[in-house]
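*Asks:* After the structure tokens below, expect a handful of questions from me.
The values are calculated or read from the model by the stated rules, or taken from the named source; none is laboratory data. Everything quoted here is computed from the prediction, not taken from an experiment. Glycine also receives a Cβ, built like all others from the backbone with ideal geometry; neighbour counts cover every protein chain displayed.
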Amino acid sequence: MSSPASPQLTPRHPIFWMPTLYFAMGVPMITVSVVAAIMYKNLGLSNTDVALYTGSMYLPWVIKPLWSPLVDLFKTKKFFVVFSQIAMAAGLGCVALALPLPGFLPITLALFWVIGFLSATNDIASDGVYINAMTSAQQARYVGLQGMCWNAGRIFASGLLVSFTGYLHSAEHGLGYSWTKSWVVVMSLLAVIMLVMGVWHRFNLPAGSAAARPAGSVGFKDVASSFVDVFTSYFQKKGIVMMLAFILFYRLGEGLLDKLSPLFLLDRREAGGLGLGNMEVGYINGTFGSVSFIVGALIGGWIASRFGLKRTIVFFCLMLNVPHLTFVYLSYCLPTDVTLITTAVVIEKLGYGIGSIALMLYMMQQVAPGKYRTAHYAISTGFMAMCMMTTGMVSGALEQALGYKWFFIAIMFATIPSLLVSWLAPFHIDTSKPDAVAGEEAAR
């Protein structure tokens, strides 16, 4: 029987809601973390201020596990998705209204912080719908498309809309608007897009499971007890130590490479880099690299769906790490042929796309299942983000100490712990059997 929170009697096929769900995850996150920085730069802020103000806005996604239990304890996942998307639409509309004001800076910064926390909440609830409304087989089948749609939101926000502001501002090839007016138009467009997403999901999104709060518990003591239970039950999972080791070390090499690879492409040849310009790096990483990653994610999703994660997890780890050899080659040979450099980056991004699937599926299928699936998945992504932040922070100092050649060789040594935790990763849930829990949630 359908849940009262769900307007449809029969759940819609995932193709009707999953692509828009993850597109609507990518757009606001990139707007807050990337697009806002470009906007403030256009409006005359210094690089120091832009970095300080917008760099700190990534915090909501790092600490989102702290309030993720609330998404499991109240209402349905769908409620939080629809509420957060409509609230973000209102927030972006307020940004558009505040930009022409003399004191726009503190007002818009405060609004972006609110949008950031709403966006992180939307991420938690959206992942919860994906986990609870799909069987394990469906999760594997659509995980590649999931990543592609999130990246489509990224390309739309940081690519098309940023380019559109250039058209609006250009007096020669566009409309000659001021930067303020140009960004008012784009923020208004973003508000409309998020409103449309919220309305669409109101009528097409499955409930994604009802609240896990004990029946009849309404007091603060009951809620606090459930909140504590979320975290204690997470760390009491069978094999949690090795599960956390897998989450923390699986992308160790990729975390070190992620921050330094574009800098290597840009750095002077005298300093060991390839000496490319911003336009070339954007063309290589942004266009061919993004497409290659998306193709890799689709391939990885098919492999996981066809053969199962347990049988392929070491293969996925190799696909993630072995292509890092392309940067060892580039750092030793320092080629000048842009086509050759592009090919090397495409190979690395293709492997990254294929290999990244394993971590996402493992967190969904082995770590998250239980009473608090959504919250436990969010906690897992918090540990994943911690790994990427830590490796990113130390990668610069490591490269300065070793130089690019030995730095990329060190990344290959980082493959060893990744392979080890992949080999030892525990599989306590047999995903080859029908996922009765997810099936029941999808019918609500």
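*Asks:* Just wondering, is there one or more residues in region 365-375 that are in a helix (DSSP H, G or I), over 30 Å from LEU73 (Cβ atoms) and either modelled with pLDDT under 75 or of a type outside the set (Ser, Thr, Tyr) (or both)?
*Replies:* Within region 365-375 (the criterion being in a helix (DSSP H, G or I), over 30 Å from LEU73 (Cβ atoms) and either modelled with pLDDT under 75 or of a type outside the set (Ser, Thr, Tyr) (or both)), the answer is no, since none of the residues qualifies.
*Asks:* A follow-up question, please. Take region 162-193 and flag every residue that is small (Gly, Ala, Ser) and in contact with a helix residue (DSSP H, G or I) (Cβ under 7 Å, 6 or more places away or on another chain).
*Replies:* Within region 162-193, GLY174, SER182, SER188, ALA191 qualify.
*Asks:* Please determine whether any residue of region 224-236 is at pLDDT below 75, more than 22 Å from the chain's Cα centre (by Cα) and hydrophobic (A, V, I, L, M, F, W, C).
*Replies:* Yes, because at least one residue in region 224-236 is at pLDDT below 75, more than 22 Å from the chain's Cα centre (by Cα) and hydrophobic (A, V, I, L, M, F, W, C).
*Asks:* Is it fair to say LEU398 is surrounded by fewer than 24 Cβ atoms within 10 Å (Cβ to Cβ) and aliphatic (A, V, I, L, M)?
*Replies:* Considered against the rule, which asks whether it is surrounded by fewer than 24 Cβ atoms within 10 Å (Cβ to Cβ) and aliphatic (A, V, I, L, M), LEU398 comes out as yes.
*Asks:* Which residues, counting only those in region 157-190, are assigned to a helix (DSSP H, G or I) and in contact with a His (Cβ under 8 Å, 6 or more places away or on another chain)?
*Replies:* TYR167, TRP179, SER182 - these are the residues of region 157-190 that are assigned to a helix (DSSP H, G or I) and in contact with a His (Cβ under 8 Å, 6 or more places away or on another chain).
*Asks:* Please specify each residue of region 365-378 satisfying the condition of being surrounded by 24 or more Cβ atoms within 10 Å (Cβ to Cβ) and not polar (S, T, N, Q).
*Replies:* Of everything in region 365-378, those that are surrounded by 24 or more Cβ atoms within 10 Å (Cβ to Cβ) and not polar (S, T, N, Q) turn out to be VAL367, ALA368, TYR372, ARG373, ALA375, HIS376, TYR377, ALA378.
*Asks:* Here is a follow-up. Please count how many residues of region 63-87 are part of a helix (DSSP H, G or I) and either surrounded by fewer than 19 Cβ atoms within 10 Å (Cβ to Cβ) or of a type in the set (A, V, I, L, M) (or both).
*Replies:* 10
*Asks:* Which one is farthest from GLY44 (Cα to Cα), of the residues in region 175-200 that are surrounded by 15 or more Cβ atoms within 10 Å (Cβ to Cβ) and among the polar types (S, T, N, Q)?
*Replies:* Among them, the one singled out is SER188.
*Asks:* Return yes or no: is ALA90 within 16 Å of ALA191 (Cβ to Cβ), surrounded by fewer than 24 Cβ atoms within 10 Å (Cβ to Cβ) and in contact (Cβ under 8 Å) with a residue 40 or more places away in the chain?
*Replies:* Spelling it out, ALA90 is indeed within 16 Å of ALA191 (Cβ to Cβ), surrounded by fewer than 24 Cβ atoms within 10 Å (Cβ to Cβ) and in contact (Cβ under 8 Å) with a residue 40 or more places away in the chain.
*Asks:* Can you name every residue in region 78-126 that is within 30 Å of ILE379 (Cβ to Cβ) and of a type in the set (Gly, Ala, Ser)?
*Replies:* Result: SER84, ALA87, ALA89, ALA90, GLY91, ALA110, GLY116, SER119, ALA120, ALA125, SER126.
*Asks:* Within region 271-291, count every residue that is buried (at least 20 other Cβ atoms within 10 Å of the Cβ) and modelled with pLDDT of 85 or more.
*Replies:* The number of residues fulfilling the criteria is 1.
*Asks:* Also, quick follow-up: Mind checking which residues of region 385-431 are not in a helix (DSSP H, G or I) and not hydroxyl-bearing (Ser, Thr, Tyr)?
*Replies:* Selection gives ALA414, ALA425, PRO426, PHE427, HIS428, ILE429, ASP430.
*Asks:* Here's something else I'd like to know. Checking the condition under 19 Å from SER422 (Cβ atoms) and among the hydroxyl-bearing types (Ser, Thr, Tyr), which residue from TYR234, TYR250 passes?
*Replies:* Result of the check over TYR234, TYR250: TYR250.
*Asks:* Continuing with this model, one more query. Just to be sure before I move on: is ILE354 touching a Ser or Thr at 6+ places or on another chain (Cβ under 6 Å) and not polar (S, T, N, Q) in the structure I sent?
*Replies:* no
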